[in-house]
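To start, the structure under review is shown below, and the notes come after it.
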Ligand SMILES: Cc1cc2nc3c(=O)[nH]c(=O)nc-3n(C[C@H](O)[C@H](O)[C@H](O)COP(=O)(O)O)c2cc1C
């Protein structure tokens, strides 16, 4: 039987093309942190982070279901979104690995009232969140956080990430 290839389209975009499309949308780079059941810091690099609502102040992050940081967020019911400052590519790359000593060489402090470690020396801004809702979406969880505290560092410009390049000119 003859099948016209033009009519034979996949039902969804191919993964590689999807990645190319989405990486063309510039984002900031966040290190999302939380404390594990053992009290130790956990964290990962995230580009899927944005504001959701002003009243109440809500923000969301999308986290892969296989993330080792996820149980810490679920256990403590909170996280901190550290919006990286320009020039922190090495930190972003390290936090995007699965090594167990990610926090050994970085400076962090415990925030007041929940959330995860604040990376003051490396963040242009940070948002301390309590977990309000988790929504299952494909192979990720959407974490919706109520922003209970935060701050920004006037002297630090935020890092930008686009098409796999950190801080493109
Ligand atoms: C620039 C960049 C952006 C990323 N964005 C996300 C993201 O939005 N969500 C996510 O789950 N993983 C994202 N990742 C991948 C995680 O950082 C990576 O899988 C990490 O190893 C997970 O660590 P964990 O298992 O210790 O939590 C990103 C990686 C990079 C380099």
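A few remarks follow.
- Annotation: the residues 65, 132, sorted from fewest to most other C-beta atoms within 10 Å of their own C-beta, follow the order 65, 132.
- Span from the region 93-169 Cα centroid across to the region 13-41 one, whole angstrom: 10
- Rough spin-label spacing in nm, given labels placed 7 Å along Cα→Cβ, for residue 139 and residue 65: 1.0
- The helix-based estimate of mean residue ellipticity at 222 nm for the chain, built from -39,500 (n - 2.57) per DSSP H run of four or more residues and divided by its residue count, is -3500 deg cm²/dmol to the nearest 500.
- Going by neighbour counts of Cβ atoms within 10 Å, the residues 119, 11, 40, 84 line up, fewest first, as 11, 40, 119, 84.
- Rounded to the nearest angstrom and listed largest first, the equivalent-ellipsoid semi-axes of the chain from its Cα gyration tensor are 31, 19, 16.
FYI, it's all coordinate maths here, none of it is from the lab. As the structure is a computational prediction, the values presented were derived from the model and not from experiment. Cβ: placed from backbone, ideal geometry, glycine included. Neighbour counts: every protein chain shown.
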